[in-house]
1. With a 1.4 Å probe and every protein chain left in place, tell me how much accessible area residue 277 has, in Å² to the nearest 10.
2. How large is ³J(HN,Hα) for each residue in segment 279-294, as worked out from phi by the Karplus curve 6.51 cos²θ - 1.76 cosθ + 1.60 (θ = phi - 60°), to whole Hz, x for Gly and Pro?
3. Could you work out how far the C-alpha centroid of segment 231-294 sits from that of segment 22-40, in angstrom?
4. Per the Kirkwood treatment, what hydrodynamic radius in Å, one decimal, follows for segment 1-118 from the mean inverse distance over all distinct Cα pairs?
5. May I ask you to rank 40, 51 by accessible area, largest first, using a 1.4 Å probe over the protein chains only?
Amino acid sequence: MSENLPRVETVVDDLYSLPPADFVSHRAAYVTRFKKAGDKVGATRIGALRKPTVVAWLVNTLARRDESALAELFDLGEQLERAQQRGDGPRLRELSTARSTSIRALTDRAVSLGRDLGVTVGDNAAREVSNTLNAAMADAEIRDRVRKGRTVVAETYSGFGPALLSIVPDSPDDDDAAEDDPVSPEVEDDRHKTDEAERNRLLAELESAESDLDTARTEVDEAQADTERKASELHSAAEEVERIEAELEAAGAREQAAREAHEASVVQAESTAAALDAARIRVAEARSALDSLT
């Protein structure tokens, strides 16, 4: 290889730390660099990386800026799972409240980080950040991506793990209502199954839409880059035309000056020729007069 390339994992971390608007250009630069260095495998791996959505970038930024808070959230998830396995209702309600508070705080933190970095974050994006954090508590693969700061799209839990971890927890007021009006395990199980089926349907629709959105964004970025390149070429061509026109105008002025100088030279030559003829006549007359005296 012609240069000392960074590790691909280092490149991945670098790319997923960038704002989405910078991802495509930096990815292309890395691919070109690896190709020139002869590392086709690395270039292929980097070229296959998907551009993160704004929500995913917010989660990645949060993971890099507030790793300890995320670790506490995931620890809450493990405690919730153990409490559910034991059937410890009071502990479940306590942990669910703590989880809800933690997710709200981390979501606010992610939104604040985004705004500090110049990205406007709407209510829908904030909700998707919350959903992604909630999903990371319940799904090990999602949790691993979030922890590493390599989230690509907003996540929604749709697995078959503890149902309590797959939904956003009820508010404390709802928990109190549940204590006053308990639901039978059978009804609760049917409710979870219905919710799970609906979540699966919505997830499939969401994943398809996000995939199309990601593709469209990539195409827009590439089209924008091409447009900017063409605009630069047009600007360069316009400057070249202006330069040539200026040179042409200067050449025209030089031609006109040369023409006028030539015309003046012709007039001067004619005047000089007339003077020469007159001088010859005078010489001839003088010689004739001299000869007559002799």
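The values are calculated or read from the model by the stated rules, or taken from the named source; none is laboratory data. Worth saying up front: this structure is predicted, and the values here are computed from it rather than measured. With ligands, DNA and RNA removed, areas are computed over all heavy atoms of the protein, side chains included. Shrake-Rupley method; radii C 1.70, N 1.55, O 1.52, S 1.80 Å.
1. In the full protein context, residue 277 sits at about 80 Å².
2. 5, 4, 4, 5, 5, 5, 5, 5, 4, 5, 5, 5, 4, 5, 6, 6
3. 63 Å
4. Details: mean 1/r = 0.0595 Å⁻¹.
Across segment 1-118, the inverse of the average 1/r is 16.8 Å.
5. On the way: 40 155, 51 15 Å².
Most to least solvent-accessible, the answer reads 40, 51.
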